Amino acid sequence: MRTPTTLLLLVGAILFSGAGHVRSDASDHRYKEGDTVPLYANKVGPFHNPSETYRYFDLPFCIPLKFLTFYIYQSSDFEILYNKDRVIEISARMDPHSLVDLTEDKEVDAEFMYNVKWKETETPFEKRMEKYSMSSSLPHHLEIHWFSIINSCVTVLLLAGFLATILMRVLKNDFMKYAQDEEAADDQEETGWKYIHSDVFRFPTHNSLFAASLGSGTQLFTLTIFIFMLALVGVFYPYNRGALFTALVVIYALTSGIAGYTSASFYCQLEEKSWVRNLLLTGCLFCGPLFLTFCFLNTVAITYTATAALPFGTIVVIVLIWTLVTSPLLVLGGIAGKNSKAEFQAPCRTTKYPREIPPLPWYRSAIPQMAMAGFLPFSAIYIELYYIFASVWGHRIYTIYIILFIVFIILIIVTAFITVALTYFQLAAEDHQWWWRSFICGGSTGLFIYAYCLYYYYARSDMSGFMQTSFFLRIQGLHLLRTLLNAGNSRLLWSPPLRPSHLSVDQMRVRRSVHQSFHVGFLLLLAPYEFC
């Protein structure tokens, strides 16, 4: 009876031996003669379902009723590579001609032999595992990655030129016109974005949710930067993914104060009625969906008795970290943000009643703008997405973090440029409800990434089964939420605007018109940098 077509990923014994007056411990890879060397057996599962793995010794092995045969090898050859007093690698080979049949229940005389060959190598002990993580750095792979970066840079240059053209042709002409004749500017009827200068700083609807999204996005953006820094200095290795997950939990807990400060400081600029509720919303905006997803997936893993189920002790540690570290830092950051005494000072007066938004063509509505704002950044990263997915949801190895970081920076720049341009066109169409529009447009790239996830699952991979499908779709759903929340991160919007006292005597003559043009035009074009 044949076993199911699964890949048995059984890692053999890794033996390290060495002499020296050091403590014998598996953690420092040094052993003395006679010490017990641990034997590690890896998990096992379907090759195409990386999340559906099981403990090797928990498998119900199928024993055939007939024709059961046992063999044992008599001859083994060991090849040991060493560098000074450290063992770098051990290879074991069995002689297929030295098999002894042990099927019959009787005594068998067998002579066991082994050969040991020692070879010196120049590979240092610290780099002994690098050869297992070089597949993504091969020349033919690097060419594809650099092609992706060149393609993204071309997109950045085109968008930068497009945005520079808008600023140079439109805003510069307005400044020159108003500076030449202030009285003529007073009599001239304002149109476009200048017409709604008294409405653009009107507070957004659902400002508590907006502030919570801003705070959570700032925290997640900071988390991403720290993870990239650790990856670039060589902390993470493809054969030890636990280090990445540990870093995510610890850094997220330590950066929760950033979310509390950002959210509370922004919310208190709008109103101070329910800042505590806003702080609770900030803490639950990402952790809430994360907790629900974890409960569902962990229950599925327990039902399947898979190794993806977290042990009870690990769950207790995570809960303690959230209770004793994340929550207190969130509250302390919120209190600091509330007491920061930051005041929202619009450069111009906001009218009591909002202006009516004129009818707009269909291509200027929210959905077409989201499609455009998401497609261009996605086109700059889609080549790299395949390799990331093949590493996370497959057996490929991805170690070129510097290229991934460059692609991340390009993604930020492209998202900034396209969101700036779309916000300008929205204001030029006399649509002053730009807060949520710029936020959603900045994060709409996540929708395209999730659509690519579905394409990858059904067209590029062989994943199947309820458990693997649940893990794939729900974890990618969390990535979608993370991308949308990253769109709320903004610091440029809250830069102190120029006040009349900053202007010279010669500039006071055109203070009102230039003040309106500069702040309503230029600063609002910078405002949508809340993409990340």
Answer residue from segment 217-260, given it is modelled with pLDDT of 90 or more and small (Gly, Ala, Ser) and is nearest to PHE405 (Cα to Cα) among those | ALA247
Restricting the search to segment 292-321, which residues are small (Gly, Ala, Ser) and within 18 Å of MET467 (Cα to Cα)?
-> ALA301, ALA306, ALA308, ALA309
Please determine, by comparing only the residues of segment 205-256 that are within 22 Å of THR399 (Cα to Cα) and polar (S, T, N, Q), which one is surrounded by the most Cβ atoms within 10 Å (Cβ to Cβ).
-> THR222
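Results for (1) modelled with pLDDT of 85 or more; (2) of a type in the set (Phe, Trp, Tyr); (3) surrounded by 14 or more Cβ atoms within 10 Å (Cβ to Cβ), shown as yes or no for each residue.
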| residue | (1), (2), (3) |
| --- | --- |
| GLY333 | yes, no, yes |
| GLU343 | no, no, no |
| TYR353 | no, yes, no |
| PRO368 | yes, no, no |
| LEU385 | yes, no, yes |
| SER391 | no, no, yes |
Being out of contact with any strand residue (DSSP E or B) (no Cβ under 8 Å at 6 or more places or on another chain), under 27 Å from LEU473 (Cβ atoms) and either assigned by TED's automatic domain parsing to the domain that holds VAL392 or aliphatic (A, V, I, L, M) (or both) narrows it down to one of LEU220, LEU270, LEU254, so name that one.
-> LEU220
Boolean, ILE321 is at pLDDT below 90 and of a type outside the set (Lys, Arg) | no
For segment 414-431, indicate whether the set of residues that are among the aliphatic types (A, V, I, L, M) and under 15 Å from the mean Cα position of the chain (by Cα) is non-empty.
-> no
Test ALA428 against the stated conditions and say whether it is modelled with pLDDT under 80, surrounded by 20 or more Cβ atoms within 10 Å (Cβ to Cβ) and in contact with a helix residue (DSSP H, G or I) (Cβ under 6 Å, 6 or more places away or on another chain).
-> no
Scanning segment 464-482 residue by residue, the ones that are assigned to a loop (DSSP other than H, G, I, E, B) and out of contact with any Asp or Glu (no Cβ under 9 Å at 6 or more places or on another chain) total 1
Determine which member of the set SER444, SER490, SER517 is at pLDDT 80 or above and not assigned by TED's automatic domain parsing to the domain that holds TYR261.
-> SER444
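The values are calculated or read from the model by the stated rules, or taken from the named source; none is laboratory data. All figures in this text were calculated on a predicted structure; none of them were measured in a lab. When we count neighbours, we look across all protein chains shown, and the Cβ atoms used for this are built from the backbone with ideal geometry, even at glycine.
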